[in-house]
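The values are calculated or read from the model by the stated rules, or taken from the named source; none is laboratory data. The structure presented is a predicted model; accordingly, all values stated were derived computationally and were not measured. Because the Cβ atoms are built from the backbone with ideal geometry, glycine has one as well, and the counts that use them run over all protein chains shown.
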Amino acid sequence: MKTLLWSLLVVLGTACGSDNNETPDAAPPADTQPPTPDASCFENPTTHKEIINACTTAQKIERNVTPPLLNPDGTLPQLP
Amino acid sequence: MRRLAIPLIISLALTSVRPADAAPCADLTNPVFLQVGDTQVNLLRRLGRALANNTPNPITFVFVTNGSCDNINAIYTDLKINGNMQYIPSSAEDPAWDPTSATASPTKQCQVTNQSLDVANSALFISSCPHGQPPAGQQSSVGPVQAYVLAVPEASTQTAITFEEAYFMFGFGTAGMITPWDDQAQHFIRPQTKSTLLTWALNLSIPSNRFTNMPACTGSGTGTTTAPCFEGSGGVVTALKNTPTPEKAVGLLGIEVYDNERAALNILAYKAKGQYFAYYPDSTATARDKKNVRDGHYTVWSPTEWIQKVDVNDAPLNANADYAIRLITSKSVSPAANFDPIPLIVGVGLIPDCAMQVSRAFDGGNLARHTPPTSCTCEFEALTDVSSCQSCANGEPCTSGVCRAGFCEAF
């Protein structure tokens with residue numbers, strides 16, 4: 001059951017992720033998928049997502065907040 | 001004697017308080033006329049001083065400042081400058097002038113009439129402004145990278161912010177309910193022609209005209225913007241220092257401005273969209289190594305672009321302008337300069353392309369791995385931190401790589 005839930009999350013995450021294809025006026029989707037413990041950093045990054053999450057000795061700060069106006073599906077609403 | 005002295009004193013006093021009496025800029029040694037963003041003034045001061053003293057090819061930087069998009073428009077349309085411009089003096093003219101202290105050593109003034117620009121600077125991708133790519137007869141060179149930061153007062157306890165929080169904070173204002181930044185009067189921004197605002201806008205996917213506080217920027221370019229929008233970076237710095245509610249205050253700055261204000265301000269580590277953790281531009285809150293910009297962990301940055309005029313064969317029209325741009329963009333020059341420009345570039349918080357390990361094609365765009373033609377990573381790290389590279393400063397052979405500026409660079 002747990003595996004099924006994670007698979008569902010991964011599928012949903014893949015479906016929602018757009019890696020910077022937003023048009024200027026479109027509300028960008030939020031990426032709220034949490035890292036799994038074995039994928040918290042990438043040793044040999046090649047893609048954008050791997051580069052920004054590459055393994056590093058730099059100071060990193062955890063910040064996991066859910067803004068009150070975030071859509072229930074984790075996407076960002078249009079600007080007012 | 002007294003009769004002579006009094007008029008002399010009055011004359012000197014008038015000279016110092018009436019810049020309209022400044023000497024013609026054309027009389028300076030090899031003047032190059034520039035219009036740059038205010039974030040680039042620290043670079044012009046240091047590089048301009050070195051160029052003024054560059055015996056093989058002395059050059060005087062004569063400049064005015066404005067927003068990046070206005071600078072692009074100025075050179076594209078050949079806008080003429082009239083009145084006073086600033087310039088950087090040589091050591092022969094003013095031995096005590098200190099390029100590192102704008103307060104103690106203000107720039108000198110000279111006068112121009114119908115002066116065309118030789119060089120215009122944009123502190124972000126030209127494509128982020130509405131004026132298009134350079135027209136025929138002009139050419140842009142990509143220069144050092146500049147990071148942009150969200151600064152908070154020293155008294156703030158905040159250390160990090162996410163892409164989503166910043167989206168709501170600047171796009172919805174107070175209604176975004178992002179604590180503790182839930183008072184839009186404390187969101188200090190810049191007008192839409194400024195690289196600082198535009199770079200953040202493009203990284204946050206907020207159209208620049210949709211920042212909640214943009215209505216306060218209606219006087220942009222006239223010096224009449226009203227808080228919380230500020231025409232210059234100095235206004236943001238002052239607002240952050242003087243805010244009565246430091247926990248709620250946040251302001252947009254170029255990192256080189258912040259680097260000069262570290263005693264009074266802090267910055268927020270930033271967690272980009274899709275990123276697992278928040279990172280500072282530097283490897284730690286107190287470092288100055290720009291490690292996270294160079295390797296892609298800190299994503300809010302733009303390259304500077306430097307536009308000059310060229311002929312039909314793309315040959316520069318002004319050899320001295322080209323000489324200066326080549327030094328800024330870490331290219332070789334002839335005759336060789338009597339100084340190394342990289343320490344000057346690094347010293348003002350900028351990152352030469354030769355030290356970057358990532359690149360992007362447009363502001364806010366995805367990052368890709370980047371290998372510059374020649375590396376200066378070792379030199380960069382030695383200038384900002386401790387370099388682990390092998391030294392070849394005293395003629396020792398490199399066990400691998402290439403000896404450059406005293407270090408064994410990888411390539």
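Would you confirm whether any residue within the range B:333-352 is without any contact (Cβ under 8 Å) to a residue 60 or more places away in the chain and under 23 Å from the mean Cα position of the chain (by Cα)? Yes, some residue in the range B:333-352 is without any contact (Cβ under 8 Å) to a residue 60 or more places away in the chain and under 23 Å from the mean Cα position of the chain (by Cα). Where strands (runs of 3 or more DSSP E) sit wholly within the range B:62-171, those with at least 2 residues that are at pLDDT 95 or above and under 20 Å from the mean Cα position of the chain (by Cα) occupy B:81-87, B:119-122, B:138-153. On inspection, B:Asn71 does not qualify as farther than 17 Å from B:Glu305 by Cα, touching a residue at least 24 places away in the same chain (Cβ under 8 Å) and in the same structural domain as B:Asp27 (by TED's automatic domain parsing).
Residue-wise test of (1) surrounded by 23 or more Cβ atoms within 10 Å (Cβ to Cβ); (2) in contact (Cβ under 8 Å) with a residue 60 or more places away in the chain; (3) in contact with a His (Cβ under 9 Å, 6 or more places away or on another chain).
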{"site": "B:Cys229", "(1), (2), (3)": "yes, no, no"}
{"site": "B:Gly232", "(1), (2), (3)": "no, yes, no"}
{"site": "B:Thr238", "(1), (2), (3)": "no, no, no"}
{"site": "B:Ala249", "(1), (2), (3)": "yes, yes, yes"}
{"site": "B:Leu253", "(1), (2), (3)": "yes, yes, no"}
{"site": "B:Val257", "(1), (2), (3)": "yes, yes, no"}
{"site": "B:Ala263", "(1), (2), (3)": "no, yes, no"}
{"site": "B:Ala269", "(1), (2), (3)": "yes, yes, no"}
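Only residues that are assigned to a loop (DSSP other than H, G, I, E, B) and closer than 24 Å to B:Pro303 by Cβ were counted across the range B:358-406, and they come to 18. Given the structure, is B:Gly171 within 14 Å of chain A (Cβ to nearest Cβ), at negative phi and crowded, with 22+ Cβ neighbours inside 10 Å? So B:Gly171 passes the test. For B:Ala160, the criteria (1) crowded, with 22+ Cβ neighbours inside 10 Å; (2) within 10 Å of chain A (Cβ to nearest Cβ) hold in every case but one, which is (1).
Look through the range B:265-285, keep the residues that are under 20 Å from the mean Cα position of the chain (by Cα) and of a type outside the set (D, E, K, R), and return whichever of them is nearest to the other protein chains (Cβ to nearest Cβ). Taking the candidates together, the pick is B:Tyr280. In this structure, is B:Thr107 not assigned by TED's automatic domain parsing to the domain that holds B:Arg46 and not aliphatic (A, V, I, L, M)? No: the conditions fail for B:Thr107. Of everything in the range B:375-398 that is in contact with a strand residue (DSSP E or B) (Cβ under 7 Å, 6 or more places away or on another chain) and either surrounded by fewer than 16 Cβ atoms within 10 Å (Cβ to Cβ) or without any contact (Cβ under 8 Å) to a residue 12 or more places away in the chain (or both), the residue that is nearest to the other protein chains (Cβ to nearest Cβ) is B:Ser391. All of (1) within 20 Å of B:Phe188 (Cα to Cα); (2) in contact with a helix residue (DSSP H, G or I) (Cβ under 8 Å, 6 or more places away or on another chain); (3) modelled with pLDDT of 95 or more hold for B:Gly296 with one exception: (1). Can you tell me which residue is surrounded by the most Cβ atoms within 10 Å (Cβ to Cβ) among those in the range A:67-80 that are facing chain B (nearest Cβ under 8 Å) and either modelled with pLDDT under 95 or farther than 21 Å from B:Ala278 by Cβ (or both)? Selected residue: A:Leu79.
Scanning the range B:287-302 for residues that are part of a strand (DSSP E or B) and among the aliphatic types (A, V, I, L, M) returns no hits.
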